[in-house]
Amino acid sequence: MPFKNQDEFEIELARLWMLAEKAIKAIEVLRDGVEEASILELRYAGRREIQARLLRQSCSGREMTAEEEKQWQDHATEACENCIKARDDAIDSAVMYLNGRVEDAVDKIGLPKVLLAFPELPEFRRRIRQINDLIVESRGDRTKLNQIYTTVLEEHLPEVLRIFWRFKDNEAIGAALEKAADERAEQSYAAGRRDKVKLVAIFGALLLSILGNVLSVPIVWLLKKLWCYFWGP
């Protein structure tokens, strides 16, 4: 949609920028880190806004030519679209993170334990499906994309976050995940020891084979007996 003037453009840009920041803050609080893709989009938006402003200033005191007006409209439109992309990227990232954390817990400690400690799981999954369905719909009809993501940000995501914080702060789930992590570490350590034993066994077999060719049979026989005693036949 063409902008009538610089003021109208900057009002719309500020509105979209704040929506993007709201979505970015949500994912940053969740992950305790920066959402780089969205930050880059805001950077691009800022660059386009400066380009639009500088072009206006260069034409101060006279009417823009048709080509200059087109360039200005392009900068203004791209700046707004970059803000929209920043918001949408942050929402996509937040939904993936939320769903991934919960389903990872289900995989690691089992559905019964998660349901026992977090009975809101079915409701959480239902709301995640709703959001994913809306996102898929937005991909099919690009004219609905902006409105759909605005609806997700304003109406759906806050409720999902509310449910998720109860999951994240659940001590029983936290303890179960720590126990599962400890068990996986022990299994990994045991598997590593078994691999080392197998390696020693292979090396020992090769060594005995070499000794069998260069030493007397009685010594090799004794070594084999000792090997069987300690390592098995």
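Laid out as a table, the results:
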| item | result |
| --- | --- |
| Hits in the range 45-76 - residues which are of a type in the set (Lys, Arg) and in contact (Cβ under 8 Å) with a residue 40 or more places away in the chain | ARG53, ARG56 |
| Extreme residue, farthest from GLU8 (Cα to Cα), among residues of the range 48-68 that are surrounded by 14 or more Cβ atoms within 10 Å (Cβ to Cβ) and charged (D, E, K, R) | GLU68 |
| For PHE3: the one exception among (1) in a helix (DSSP H, G or I); (2) surrounded by 14 or more Cβ atoms within 10 Å (Cβ to Cβ) | (1) |
| Filter pass, LEU111 being within 16 Å of PHE167 (Cα to Cα), aliphatic (A, V, I, L, M) and in contact with a Pro (Cβ under 9 Å, 6 or more places away or on another chain) | no |
| Set LEU153, LEU116, LEU134: member being of a type outside the set (D, E, K, R), touching a residue at least 24 places away in the same chain (Cβ under 8 Å), surrounded by 12 or more Cβ atoms within 10 Å (Cβ to Cβ) and within 26 Å of ASN82 (Cα to Cα) | LEU153 |
| Check on PHE164, in the same structural domain as LEU19 (by TED's automatic domain parsing), at pLDDT 90 or above, closer than 20 Å to LYS22 by Cα and surrounded by 16 or more Cβ atoms within 10 Å (Cβ to Cβ) | yes |
| Hey, ALA37 surrounded by 17 or more Cβ atoms within 10 Å (Cβ to Cβ), among the hydrophobic types (A, V, I, L, M, F, W, C) and in a helix (DSSP H, G or I) or not | no |
| Counted residues, the range 9-20 - those being closer than 30 Å to TYR97 by Cβ, surrounded by fewer than 18 Cβ atoms within 10 Å (Cβ to Cβ) and not small (Gly, Ala, Ser) | 3 |
| Residue satisfying all of: in the range 90-135; among the small types (Gly, Ala, Ser) and in a helix (DSSP H, G or I); nearest to the chain's Cα centre (by Cα) among these | SER93 |
| Of residues in the range 77-113 being without any contact (Cβ under 8 Å) to a residue 24 or more places away in the chain and hydrophobic (A, V, I, L, M, F, W, C), the one nearest to ASP133 (Cα to Cα) | MET96 |
| Residues satisfying the stated conditions in the range 69-108, i.e. buried (at least 19 other Cβ atoms within 10 Å of the Cβ) and farther than 30 Å from ARG15 by Cα | VAL102, ALA105 |
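The values are calculated or read from the model by the stated rules, or taken from the named source; none is laboratory data. Model, not experiment: these values are computed from the prediction. Positions of Cβ are generated from backbone atoms using ideal geometry, with glycine treated the same way; all protein chains shown enter the neighbour counts.
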